[in-house]
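Here's the structure, in structure tokens; my notes come after.
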Amino acid sequence: MRLFLDTASIEEIREINRWGVLSGVTTNPSLVAKEGRSAEQVWKEILAEVDGDVSLETTELEAEAMYRQGKELAQLGANAVIKVPMTPAGLQAGKRLTEEGVRVNVTLVFSPAQAILAAEIGAYIVSPFLGRIDDAASDGMEVLRRICEIYDVQGYETQVLAASLRHPMHVVEAALAGADIATMPYDVFTKLVKHPLTDIGLDRFLTDWEALRRKLEEGA
Ligand code: E4P
């Protein structure tokens, strides 16, 4: 399962990129707006920083305008993936973009039925929003499992990207469910590496190492 950061912050991307485990980035209009500067500038920096897919989201609502915006965004970098929403216009624009070789990520997906539509237009990625499904008192992980199963049974090649992940267990369960990609905010990414026994173990090793060094010094 590829690990993506869900952010538009170049500092967060640079930090996680140094770990050597970052395969891509997803952005959305809310995340880009948080940066408070030109969206094009933000996207270009991210596209240059990341050696992997970077999702840039369209904001037009009508199919023709969304298609044209998608074509423009795709020119920003060879690693750009164009996000379109799961709406009739998004499907229409997404299909045209896909047919012209642009890689499309169908976003705001909340049900297996919607995921079937995304696969049928030949989308590169489908993004079910697990955390937001949980927020609506439903089971986001179960939706993800059913999408993965349907794609498997049907032989769909669209990659399943588990989105709106809120904690490390979401990431673990998404991997078990067979998601191709998991995207998560910076704070979830940093929690993945943490375990109290790692810290305690490292502390003990270094204490014992230091004790040996001192003993040898005293004996010398
Ligand atoms: C994915 O592409 C979305 O940007 C993201 O995962 C949404 O997550 P949220 O529900 O935490 O805003």
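The values are calculated or read from the model by the stated rules, or taken from the named source; none is laboratory data. All values derive from a computational prediction rather than experimental measurement. Glycine also receives a Cβ, built like all others from the backbone with ideal geometry; neighbour counts cover every protein chain displayed. Heads up: the accessible areas ignore ligands, DNA and RNA and are worked out on the full protein's heavy atoms, side chains in. Shrake-Rupley method; radii C 1.70, N 1.55, O 1.52, S 1.80 Å.
For this structure, a couple of remarks:
- Sole residue being under 25 Å from ARG18 (Cβ atoms), open to solvent by less than 50 Å² (accessible area, probe 1.4 Å) and either within 16 Å of the ligand (Cβ to nearest atom) or without any contact (Cβ under 8 Å) to a residue 40 or more places away in the chain (or both), chosen from THR198, THR158, THR190: THR190
- Check on ARG166, in contact with a helix residue (DSSP H, G or I) (Cβ under 8 Å, 6 or more places away or on another chain), within 11 Å of the ligand (Cβ to nearest atom), open to solvent by 10 Å² or more (accessible area, probe 1.4 Å) and part of a helix (DSSP H, G or I): no
- For ARG145, the conditions (1) crowded, with 17+ Cβ neighbours inside 10 Å; (2) in contact with a strand residue (DSSP E or B) (Cβ under 9 Å, 6 or more places away or on another chain) are fulfilled apart from (2).
- Of the residues making up region 69-100, those that are part of a helix (DSSP H, G or I), among the aliphatic types (A, V, I, L, M) and closer than 25 Å to ASP51 by Cα are LEU73, ALA74, LEU97.
- Taking the criterion of being open to solvent by 30 Å² or more (accessible area, probe 1.4 Å), farther than 17 Å from GLN159 by Cα and within 21 Å of the chain's Cα centre (by Cα), the residues of region 76-105 that qualify are LEU76, ALA78, THR87.
- Test: residue in region 111-119 that is part of a helix (DSSP H, G or I) and among the hydroxyl-bearing types (Ser, Thr, Tyr): no
- One residue from ASP152, ASP135 being charged (D, E, K, R), open to solvent by 10 Å² or more (accessible area, probe 1.4 Å) and within 11 Å of the ligand (Cβ to nearest atom): ASP135
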